[in-house]
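Take a look at the structure set out below.
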Amino acid sequence: MSPAPTRRTTVLVVAAHPDDELLGAGGTLARHALAGDQVHALVLADGATSRYADGMDEVLAKCAHRAAEVLGLASLRMLSLPDQRLDVLPLVQVTAQVEAVVAELKPRVVYTHFPGDANADHAVVARAAWTACRPYVLPGLRRFAVFETPSSTEWGWPVQGGGISGFAPTVYTDVAGTLERKLDAMACYGTELRDYPHPRSLRALRERAAYWGSHVGLAAAEPLQLLREVAP
C-alpha cells in the first residue's frame, strides 16, 4: 500500500481527455492535495470534437475546472488537441507539449494512463509522458506510475508485443477517506456519466474501489502500476 506523503511535493497527472484525470487516480490525487502537495493536471485532448456537436468542448472544459476545484488541484491545463486523433499527430509534437509543462513544474511524482488501453489517445499520452520524464530530462522525478481508466483499460487489446500483457497493479492507494471527493468530482461531468452497470457510473466506480480494496484488506483503494521509483 502506498503511504501517505510525508513531505510536500509537486504531483502531475497527465491525461488524454477531460474526466480521465480523475477516473483512475482521483482518490489518490485528492489524498495528495489533502496532505498539502501541489497537484497539477494536464489534459491534452478536448474530449468532445469526435463525439459531440460544436460547443461541447467548452462545456467539458467548464466541467473539468469544477472537478479540479472539488479535488483540490493547484492547476489544470487543457491543450485542446483534437479528440481521438492524437495518434495522427507526430509523437514528437505531442511529447514537446508535455515536456514544456514538465520543465515548468518539475514534478517529483507523475501519474498517467496505462499504455495498453483500448483508447488510442491514452496510449499516445502514456508514451509522450514517459518520454518527457526520462531521467536526464527530469532528474528530480521520484515516482512514475500508470493508472487504469474504467471502460478502457479492461477493454484493451490483450496481445501486445507478441505476448499477452495487461494492467498489473503493484501499488495500492487507500482512498477510503477521499473516495467521496472523487465521486463528487466525477459528478461534475454530467455528460460523461453513464447508467449502472457501465464502468463510468458512480455506483460502478464505488464498487470498483471496494473491489481493489479487497485485494489488500482496505475498504477502498485505487490501483497503480509503478514503472519507475527512485528511493530517497
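Largest GNM mean-square fluctuation across 80, 152, 165, computed for the chain with C-alpha springs under 10 Å, falls on 165.
Amide H contacts of residue 9: 37, 38, each under 5 Å away and 5 or more positions distant or on a separate chain (H built 1.01 Å from N in the peptide plane; Pro and chain starts excluded).
Using packing as a proxy for protection, rank 102-112, 192-202 so that the peptide with the highest average count of other Cβ atoms within 10 Å comes first.
Working: 102-112: 20.4, 192-202: 14.2.
Ranking the peptides 102-112, 192-202 by packing returns 102-112, 192-202.
Annotation: amide H-H contacts under 5 Å for residue 173 (H modelled 1.01 Å from N, sequence separation of 5 or more, or interchain): 2, 222, 224. For the range 199-205, putting each phi into the Karplus relation 6.51 cos²θ - 1.76 cosθ + 1.60 with θ = phi - 60° gives couplings of x, 9, 8, 4, 5, 5, 5 Hz, in residue order, rounded to whole numbers and with x for Gly and Pro. Here's how it looks for residue 76: its modeled amide H is under 5 Å from those of 41, which are all 5 or more places away or on a different chain.
Residue ranges 115-126, 212-223 sort as 115-126, 212-223 when ordered by packing (mean number of other C-beta atoms within 10 Å per residue, highest first).
Please report the net charge: other residues with Cβ closer than 11 Å to the Cβ of residue 15, K and R +1, D and E -1. All intermediate terms of the calculation are to be shown ahead of the outcome.
Details: positive: 77; negative: 19, 20, 21, 121.
With Lys, Arg at +1 and Asp, Glu at -1, the neighbours total -3.
Give the Debye-formula value of log10 I(q)/I(0) at each listed q (0.12, 0.13, 0.14 Å⁻¹), with one equal scatterer per alpha carbon of the chain, two decimals each. Taking Cα atoms of the chain as identical point scatterers yields -0.60, -0.71, -0.84. Under the definition of Cα pairs under 8 Å and six or more residues apart, what whole-number percent is the relative contact order of the chain? Relative contact order here is 23 percent.
Here the range 76-116 is scanned for amide nitrogen atoms under 16 Å from the site 7 Å beyond the Cα of residue 137 along Cα-to-Cβ, giving 90-113. Kirkwood hydrodynamic radius computed over the range 112-232 comes to 15.7 Å, based on all pairs of distinct alpha carbons. What is the sum of charges, Lys and Arg at +1 and Asp and Glu at -1, for the other residues whose Cβ falls under 14 Å from the Cβ of residue 188? Counting the neighbours of residue 188, the net charge comes to -2. Computed from backbone phi, the HN-Hα couplings of the range 86-99 come to 5, 6, 9, 7, x, 4, 4, 5, 5, 4, 4, 6, 5, 4 Hz, rounded to whole numbers (Karplus: 6.51 cos²θ - 1.76 cosθ + 1.60, θ = phi - 60°; Gly and Pro given as x). Phi angles of the range 216-226 translate, via the Karplus equation with coefficients 6.51, -1.76, 1.60 and θ = phi - 60°, into HN-Hα couplings of 10, x, 10, 6, 7, 8, 10, x, 9, 9, 7 Hz per residue; Gly and Pro are given as x.
Coordinate-derived values only; no laboratory data. If you're wondering where the values come from, they're calculated on a predicted model, not measured in any experiment. Ideal geometry is used to build each Cβ from the backbone, glycine not excepted, and the neighbour counts take in all protein chains shown.
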